[in-house]
Amino acid sequence: MNPCPCGYFNDPSGKCTCTPQKIHNYLNKISGPLLDRFDIHIEVSAVKFDELRDKEQTEPSAEIKKRVDKARKIQSERYKGTSTSCNANINAEQFEKVCIIDDEAEQMLKSAFESMGMTARAYDRVLKVARTIADLDNSEVIKSDHILEAVQYRSLDRKYWGK
Ligand SMILES: [Zn+2]
């Protein structure tokens, strides 16, 4: 979706002509229950031509795939013998067992939950995404860094630019 009706909010070009009220009304059209159904929402700014032409080396997809495969393998072993294939579709019972977080992560989750006015559904999604981030990090326990990253992927819960 666009960040505002004209599509240029926060764009370095400064071309956005929307009033704060207009942006607020626009964002409010997307209901919370709808947003709750997405695991991840992040803000991406428009790509500039120079960036497209930039030949600077980034991590090759093949390397990223290796990490993803590894995390997938951890999950298929974790859910062996069940109808679950990955963290995204765990049931309530599995949730309790696999979403183990340390004390620091617990504190972080609590403050994010309160400050962002998270719903129970959003809370579940954050923890499941954090579980996957922990898997990518080869960590049995979900740590505060994993929670922090997962919370960053809920940018529309924060709706910071519409306020
Ligand atoms: Zn705009």
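The values are calculated or read from the model by the stated rules, or taken from the named source; none is laboratory data. Just so you know, these numbers come straight off a predicted model, no measurement behind them. A quick note on method: Cβ atoms are made from the backbone with ideal geometry, for glycine too, and the neighbour counts reach across all protein chains shown. Heads up: the accessible areas ignore ligands, DNA and RNA and are worked out on the full protein's heavy atoms, side chains in. Shrake-Rupley method; radii C 1.70, N 1.55, O 1.52, S 1.80 Å.
Side notes on the structure shown:
- Per-residue ³J(HN,Hα) for the range 33-42, Karplus 6.51 cos²θ - 1.76 cosθ + 1.60, θ = phi - 60°, Hz, x for Gly and Pro: x, 5, 4, 4, 7, 9, 6, 9, 9, 10
- Across the range 59-69, computed HN-Hα scalar couplings (Karplus, 6.51 cos²θ - 1.76 cosθ + 1.60, θ = phi - 60°) run 4, x, 4, 4, 5, 4, 4, 4, 5, 5, 4 Hz from first to last residue, x flagging Gly and Pro.
- Virtual paramagnetic centre 7 Å along Cα→Cβ of SER31, amide N under 15 Å, in the range 126-148: none
- Of ASP54, ASP145, ASP39, the one that fluctuates the most in a GNM where the chain has Cα springs shorter than 10 Å: ASP54
- Charging the Cβ of each Asp and Glu at -1 and of each Lys and Arg at +1, and nothing else, the dipole of the chain about its Cα centre rounds to 660 debye.
- Candidates per chymotrypsin sites (Phe, Trp or Tyr not before Pro) in the range 1-99, loop by DSSP, up to 15 other Cβ within 10 Å: PHE38
- Heavy-atom surface analysis with a 1.4 Å probe gives the range 10-55 a carbon and sulfur content of 58 percent of its accessible area.
- Residue (of ALA88, SER144, GLN107) at the positive-pole extreme of the range 56-155, dipole from beta-carbon charges: ALA88
- Ligands, DNA and RNA are left out, and with a 1.4 angstrom probe the accessible area of the range 56-155 is 63 Å² per residue.
- Our summary of shape: the Cα atoms of the chain have principal axis extents of 54, 41, 30 Å, ordered from largest down, in whole angstrom.
- Solvent-accessible area, 1.4 Å probe, carbon plus sulfur percent, for the range 56-155: 50
- One decimal place: the segment SER83-SER155 gains 22.8 nm when fully extended, by the rule 0.36 nm per residue minus the C-alpha distance.
- Summarising the overall dimensions of the range 77-163 from its C-alpha atoms, the Rg and Dmax are 13.3, 47 angstrom.
- Compactness ratio for the range 1-44: Cα radius of gyration over 2.2 N^0.38 Å (N = residue count) comes to 1.26.
- The range 102-113 - phi-based ³J(HN,Hα) in whole Hz, Karplus 6.51/-1.76/1.60, Gly and Pro as x: 7, 4, 5, 5, 4, 4, 5, 5, 4, 5, 5, 4
- Sparse-neighbourhood loop sites, trypsin sites (Lys or Arg not before Pro) in the range 39-138 - DSSP loop, at most 10 other Cβ within 10 angstrom: LYS55, LYS80
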